[in-house]
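Trainee: Quick one: the structure is below, and I'll ask about it shortly.
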Amino acid sequence: MLHPACLEGVLLNGWRGCTLKLWGTNAVQSEIIGKTSRTKLALFKHLHVLKISDNVEIDEDEPNLFLFTGIHAREILGVELNLYSAERILVTYDTDPAVKELVDNNQIYILMTANPDGFHHMWNIDSAWRKNRRPNEDGSFGVDMNRNYPMAWDLDFCKGSDVQSSNNYRGPSAASEPETQTIVAFHSDRNFDRVFDFHTGCGPDVRYNYATDFMLPEEIDSMGIGIAAELGDLMGIASRRALNCGTHPSFAYNNRGTLSFLSEISLPHQPPPAAKDEVLETSCCYRFFDPAHPYLGLCGG
């Protein structure tokens, strides 16, 4: 089971104060990838990722895999899921041949939250908070960073709002937010092979690119449909087409051809403990990068 005290502590301490000591392994390290805010109001100054690899201090010529979550502050089950998945990878590395093969042949990057400032506000002040903490001109706060990515950002049918107080406010311009800029730069640096992005509040389901307004060629679209269906079968949930643009997965696929999917893992953002534990177990995501799967095996690893 997870260590609940770590959920906020890992953000404050960049993992060093909590998680790394729990696992006691040399296969994981914390890396700072960028800043979270431009303002003096920021309580956190950096975004951190975990890197897991058999040669963690070396940048090897291997596929880079990215587990992403926490872009919406209140969706804390995704934070727990990525922490749980990291824990499972590390504690079973020496006993599970499939996990050992995964770690030995890939570089795995795990982001627990893309929105630390919003997460802190949600944790301490407003449990329903979704956006980051950008001060807006109308006196409200926050941009929905999953409408802020530079992929069809300015198209109204992509469901981003121009109303600053809206939970879906897309920001004053594409990639206006320092958190978004950090992830865009991280993609450019790492050129990820595969990405899985976890959310709560809808579904549960696995979503493939793109929304209906940006249909891909039939052969490519069919591949995405098949992979999403396979991932959904592993998790025991449905699959469907993405609903929005300006999102992290749509940007990753559009900008670099990264095989990227979004999963809504739970309808409640913060489910009761018994339901939470079931989701963590069925959604534990190290399995999804297994190259033995018929579709995923085509995509590196």
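Trainee: What about ALA228, is it closer than 19 Å to THR200 by Cβ, within 17 Å of the chain's Cα centre (by Cα) and not in a loop (DSSP other than H, G, I, E, B)?
Mentor: Answer is yes for this residue.
Trainee: Is it the case that ILE125 is modelled with pLDDT of 90 or more, touching a Leu at 6+ places or on another chain (Cβ under 6 Å) and either under 22 Å from ILE33 (Cα atoms) or of a type in the set (A, V, I, L, M, F, W, C) (or both)?
Mentor: no
Trainee: If you check every pair at least six apart or on different chains, which have Cβ atoms under 6 Å apart with a residue in the stretch 110-122 that is in a helix (DSSP H, G or I) first and a residue that is among the β-branched types (Val, Ile, Thr) second?
Mentor: If the second residue must be among the β-branched types (Val, Ile, Thr), the pairs left are PRO116/THR36; ASP117/THR36; PHE119/THR113.
Trainee: Then there's this: Which of (1) surrounded by fewer than 23 Cβ atoms within 10 Å (Cβ to Cβ); (2) among the basic types (Lys, Arg); (3) at pLDDT 85 or above does LYS21 not meet, given it meets every other one?
Mentor: LYS21 satisfies every listed condition except (3).
Trainee: In this structure, does VAL143 turn out to be within 21 Å of ILE33 (Cα to Cα), among the β-branched types (Val, Ile, Thr), part of a loop (DSSP other than H, G, I, E, B) and modelled with pLDDT of 90 or more?
Mentor: It is true that VAL143 is within 21 Å of ILE33 (Cα to Cα), among the β-branched types (Val, Ile, Thr), part of a loop (DSSP other than H, G, I, E, B) and modelled with pLDDT of 90 or more.
Trainee: Being under 20 Å from THR36 (Cα atoms) and either outside any loop (DSSP other than H, G, I, E, B) or in contact with a helix residue (DSSP H, G or I) (Cβ under 7 Å, 6 or more places away or on another chain) (or both) narrows it down to one residue among ASN132, ASN167; which is it?
Mentor: ASN132
Trainee: What pairs come out if I take residues in the stretch 273-296 that are of a type outside the set (Phe, Trp, Tyr) and pair them with residues that are modelled with pLDDT under 60 whose C-beta lies under 6 Å away, six or more apart or interchain?
Mentor: Here the result reads PRO291/GLY297; PRO291/GLY301, each pair linking the stretch 273-296 to a residue that is modelled with pLDDT under 60.
Trainee: Considering SER165, SER85, which residue is among the small types (Gly, Ala, Ser), closer than 24 Å to ALA252 by Cβ and touching a residue at least 12 places away in the same chain (Cβ under 8 Å)?
Mentor: Exactly one residue qualifies, and that residue is SER85.
Trainee: Considering every residue within the stretch 184-204, establish whether at least one is more than 27 Å from GLN270 (Cα to Cα), of a type in the set (Val, Ile, Thr) and within 17 Å of the chain's Cα centre (by Cα).
Mentor: yes
Trainee: Which one is nearest to ASP59 (Cα to Cα), of the residues in the stretch 186-227 that are surrounded by 19 or more Cβ atoms within 10 Å (Cβ to Cβ) and among the small types (Gly, Ala, Ser)?
Mentor: Step by step, filter the stretch 186-227, then rank; the result is GLY224.
Trainee: If I filter the stretch 159-185 down to residues being surrounded by fewer than 22 Cβ atoms within 10 Å (Cβ to Cβ) and among the hydrophobic types (A, V, I, L, M, F, W, C), which single residue comes out as nearest to LEU81 (Cα to Cα)?
Mentor: In this case the residue turns out to be VAL184.
Trainee: Going through the stretch 57-78 one residue at a time, which ones are farther than 16 Å from HIS248 by Cα and within 17 Å of the chain's Cα centre (by Cα)?
Mentor: Residues satisfying the conditions are ASN64, ARG74, ILE76, LEU77.
Trainee: Among the numbered criteria (1) part of a helix (DSSP H, G or I); (2) within 23 Å of GLU80 (Cα to Cα); (3) touching a helix residue (DSSP H, G or I) at 6+ places or on another chain (Cβ under 8 Å), which one does ASP213 miss?
Mentor: Of (1) part of a helix (DSSP H, G or I); (2) within 23 Å of GLU80 (Cα to Cα); (3) touching a helix residue (DSSP H, G or I) at 6+ places or on another chain (Cβ under 8 Å), only one is false for ASP213: (2).
Trainee: Here is a list: PHE44, PHE66. Which entry is modelled with pLDDT of 90 or more and either among the aromatic types (Phe, Trp, Tyr) or on the phi > 0 side of the Ramachandran plot (or both)?
Mentor: PHE66 is the lone residue from the list that is modelled with pLDDT of 90 or more and either among the aromatic types (Phe, Trp, Tyr) or on the phi > 0 side of the Ramachandran plot (or both).
Trainee: Now, a different point. Given the conditions (1) at pLDDT below 80; (2) more than 30 Å from TYR169 (Cβ to Cβ); (3) out of contact with any Asp or Glu (no Cβ under 9 Å at 6 or more places or on another chain), report the number of the one that ALA274 does not fulfil.
Mentor: Evaluating ALA274 over (1) at pLDDT below 80; (2) more than 30 Å from TYR169 (Cβ to Cβ); (3) out of contact with any Asp or Glu (no Cβ under 9 Å at 6 or more places or on another chain) leaves (1) as the failure.
Trainee: Next question. For residues in the stretch 238-280 being β-branched (Val, Ile, Thr) and over 15 Å from ALA152 (Cβ atoms), which is surrounded by the fewest Cβ atoms within 10 Å (Cβ to Cβ)?
Mentor: Applying the filter and picking the extreme gives THR258.
Trainee: State whether the residues of the stretch 199-221 include one that is in contact with a Phe, Trp or Tyr (Cβ under 7 Å, 6 or more places away or on another chain), within 26 Å of ASP104 (Cβ to Cβ) and at pLDDT below 85.
Mentor: No, there is no match, as no residue in the stretch 199-221 is in contact with a Phe, Trp or Tyr (Cβ under 7 Å, 6 or more places away or on another chain), within 26 Å of ASP104 (Cβ to Cβ) and at pLDDT below 85.
The values are calculated or read from the model by the stated rules, or taken from the named source; none is laboratory data. Nothing here was measured: the structure is a model prediction, and the numbers come from that model. Cβ coordinates were reconstructed from backbone atoms using ideal geometry, including for glycine residues, and neighbour counts include every protein chain displayed.
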